[in-house]
Amino acid sequence: MPRKYVSKQGAMKRVPYDPEALKNAVQAVKDGAAYKTVAREFKINVMTLKRLCRRDSYVQPGFTNRQILSKRHEDELGAYLVHMSKMYYGLTVVQLRKVAYQFAKANKMKYPSSWDHSQQAGRDWYRGFLERQQTLSLRTPEPTSLARATAFNKHTVAEFFGNLTAVFNKHEFTAERVWNIDETGVTTVHKPSKIIAVKGSKQVGKMTSAERGELVTVCACINAAGGHIPPYMIFPRKNWQDRFLNHAPPSSDATTHPSGWMTGDSFIKFLKHFVRHVQPNADRKHLIIMDNHESHCSFDALNYAKDNGIVLLTIPPHTSHKLQPLDRTVFGPLKTFYSQAASNFMLRHPGRTITIYDVSELLGEAFPRAMVPTNIISGFRAAGIWPINADIFTESEFMTSLVTDRPPPSQLEEPTQRSVIASDCPLPSPLEEPVQSSSVSERASPSSLGGSVPMHFSPQDIMPYPKAGPRSQSSRGRKRGRTRILTDTPEKATIEEQSNKKLAKIAEIEMKRKIKENRPTKKTVRQIFSLKKIDDDTSSDSDECPPLPSSSGGEEELCSDGEGHRAFEPIRKEVGEFVVAIYNGLSYPGKITKIHENGATIKAMEKSGRLWKWPAREDEIFYVWGDILGHLPEPTKFSKTRDIYSVPLLE
């Protein structure tokens, strides 16, 4: 199909006529009026009027190019494209041209021979198709992960609103006591805004601080009444400096971590920042809605929240783009205003780079502009949190989850045929190589279908909507995340159990790594065998153990454990208890810092002559109960000027 011809001579352009005037003029001629009189009266060309009057019946005037696909077929193809785009599987230009070619071929339409040569529709047809389909245009899509697109489904959303309704009914929260917290990152290299430059310029630059920047995490907190608290920042440094908060928003607070990311300890510090500004208590509890990040679900954070009247509710994983008010209406403006502040900073300080010590100043300009009540309230309303509206999301917003919306393997039924055409006459995919034998229309002839099926193929028959296969029977053992009320007793107990298992596993791995790194040298081996020889000599003289002072006072006779080690009082399995443990064949005193199911984490002391001292680097190691020999009395400080201690039972 050729492109629409545009005349280059103004005199040859078609004169637009009013359709109603043409219809009245034709009727006037049929009533007996002269052609020239009617043409002069209605200002219509005489030959045009004669041509319209010679027709048997009046036809709406207008010029339309010959179309390969009829309007009905193009509308059907347009609806198919809209459906695919809402599923986040929109077609590219090349894919559309291939589908259009197979669509025309399957329905036995007349099309140019060049389509067969290239196995796709022409560029001219594509341009005309977009002109006729006014609701369609070529857009640049935003990359969306499969997890984010498919996790937002009716089941997870309904589960979240069920938990939200439950906590609202239990505690009767008001708008000022419903909070949303989340982290975002601001960097020292901003994204420049558009600038005014020479028209037609191919390359236009804008000064930024560096090629790659440093990220500072900003934790924001807003409530459904339109309020907010000062931000809490995490700087990518190990040591704290007071200048981190220069010109920051009033009452802001911050901490440091080498990675600059939120951790479990940093989240507890943020909760203390929250309590200091909001002052919740057991009689007036506050609700915090947040994501399922691991740093938010530490057991220590849950204990602190519950003790201070905070109820923690998490949203389902990968749904923050829909269910989190901060992501909906606040963080977007915040990033825009931060970039504007960074651009102004570069103009005010030419030749100077932006460092993390300037981030607080830039945030001080952007944060108040973004944290306005209008943005905050609209974010809670858009997420359906305040007021609660579980039906706020339309069916089209759940279409992205239809790809993986399938039953588990146990509930799968026998596959049913979608239609006679789809099951008996498989169609080639437009992304595959074209079939060299008979065409689709030949293989789906009326004789092969018994003459009872109408000869029409839809775009969905050509390229079916994407659908994932059945779920696999195997499982990797990892539980899927979900929305939870973390401060409820059952959830809190489950998290505590999981935390203890994880800590024990990490400690065991760390212990094995340290043993592997600290393999005894030849000198150490000789010392160990020398000590064993001395022990053997002393044990041969007498089978009885010397009397040793007990922790309760007096003397107590403690015998050997049968493996060459002296026996001690039984351990009490308490945090803060001093014990003696075996590491690489030697006995070390230490203090229990954590209790686990199959052992304990001990902060050990190191030898200093005949005395002991705490090492400069605090080293905590996991010990199984079998390697902890027994209880020790608390060490006594030997010197007033030096941090050395006396442990009588081990000297």
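Of the residues making up the stretch 144-188, just one is among the acidic types (Asp, Glu) and free of Cβ contacts under 8 Å to residues at least 24 places away in the same chain, namely GLU172. Against the definition (touching a Ser or Thr at 6+ places or on another chain (Cβ under 9 Å) and either in a helix (DSSP H, G or I) or modelled with pLDDT of 90 or more (or both)), how does ALA33 come out, yes or no? Spelling it out, it is not the case that ALA33 is touching a Ser or Thr at 6+ places or on another chain (Cβ under 9 Å) and either in a helix (DSSP H, G or I) or modelled with pLDDT of 90 or more (or both). Scanning the stretch 611-633 for residues that are under 15 Å from LYS573 (Cα atoms) and touching a residue at least 12 places away in the same chain (Cβ under 8 Å) returns PHE622, TYR623, VAL624, TRP625, ASP627, ILE628, LEU629, GLY630, HIS631, LEU632, PRO633. Note on the stretch 558-651: enclosed strands (runs of 3 or more DSSP E) holding 1 or more residues that are over 17 Å from MET511 (Cβ atoms) and modelled with pLDDT under 85 are 606-608, 611-613, 644-646. Would the stretch 100-122 turn up any residue that is open to solvent by less than 60 Å² (accessible area, probe 1.4 Å), of a type in the set (Lys, Arg), touching a residue at least 40 places away in the same chain (Cβ under 8 Å) and part of a helix (DSSP H, G or I)? Checking the stretch 100-122: at least one residue is open to solvent by less than 60 Å² (accessible area, probe 1.4 Å), of a type in the set (Lys, Arg), touching a residue at least 40 places away in the same chain (Cβ under 8 Å) and part of a helix (DSSP H, G or I).
Taken over the stretch 312-329, the criterion of being of a type outside the set (S, T, N, Q) and either open to solvent by less than 10 Å² (accessible area, probe 1.4 Å) or free of Cβ contacts under 8 Å to residues at least 40 places away in the same chain (or both) is satisfied by LEU312, LEU313, ILE315, PRO316, LEU323, PRO325, LEU326.
Could you tell me whether the stretch 159-169 includes any residue that is in a loop (DSSP other than H, G, I, E, B) and of a type in the set (Gly, Ala, Ser)? No, the stretch 159-169 contains no residue that is in a loop (DSSP other than H, G, I, E, B) and of a type in the set (Gly, Ala, Ser). The single condition among (1) open to solvent by less than 20 Å² (accessible area, probe 1.4 Å); (2) at positive phi that HIS190 does not meet is (2). Flag set for THR355, criterion: farther than 30 Å from PHE152 by Cα, of a type in the set (Ser, Thr, Tyr) and surrounded by fewer than 18 Cβ atoms within 10 Å (Cβ to Cβ).
Among the conditions (1) closer than 30 Å to ASP405 by Cα; (2) open to solvent by less than 50 Å² (accessible area, probe 1.4 Å); (3) part of a helix (DSSP H, G or I), the only one that GLY90 does not satisfy is (3).
For ASP75, are the conditions met, namely being open to solvent by 50 Å² or more (accessible area, probe 1.4 Å) and part of a helix (DSSP H, G or I)? So ASP75 fits the description; yes. Once the stretch 229-282 is narrowed to residues that are in contact with a Pro (Cβ under 6 Å, 6 or more places away or on another chain) and among the hydroxyl-bearing types (Ser, Thr, Tyr), the residue that is surrounded by the most Cβ atoms within 10 Å (Cβ to Cβ) is SER252. The test for being open to solvent by 20 Å² or more (accessible area, probe 1.4 Å), touching a residue at least 40 places away in the same chain (Cβ under 8 Å) and more than 28 Å from the chain's Cα centre (by Cα) holds for LYS206. The condition (being open to solvent by 60 Å² or more (accessible area, probe 1.4 Å) and either in a helix (DSSP H, G or I) or of a type in the set (Gly, Ala, Ser) (or both)) is satisfied by just one residue among PRO368, PRO350: PRO368. Out of all the residues in the stretch 248-256, is one or more out of contact with any helix residue (DSSP H, G or I) (no Cβ under 7 Å at 6 or more places or on another chain) and β-branched (Val, Ile, Thr)? Among the residues of the stretch 248-256, at least one is out of contact with any helix residue (DSSP H, G or I) (no Cβ under 7 Å at 6 or more places or on another chain) and β-branched (Val, Ile, Thr), which makes the answer yes.
Scanning the stretch 226-240 for residues being touching a residue at least 40 places away in the same chain (Cβ under 8 Å) and over 17 Å from VAL186 (Cα atoms) gives a total of 4. The residues of the stretch 128-142 that are at pLDDT 90 or above and in a loop (DSSP other than H, G, I, E, B), listed by number, are GLN133, GLN134, THR135, LEU136, SER137, LEU138, ARG139, THR140, PRO141.
The values are calculated or read from the model by the stated rules, or taken from the named source; none is laboratory data. What you are looking at is a predicted structure, and each value in this text was computed from that prediction instead of being measured. Counting neighbours? That spans all protein chains shown, and the Cβs are built from the backbone with ideal geometry, glycine included. Just the protein is used for accessible areas: all its heavy atoms, side chains included, with ligands, DNA and RNA removed. Shrake-Rupley method; radii C 1.70, N 1.55, O 1.52, S 1.80 Å.
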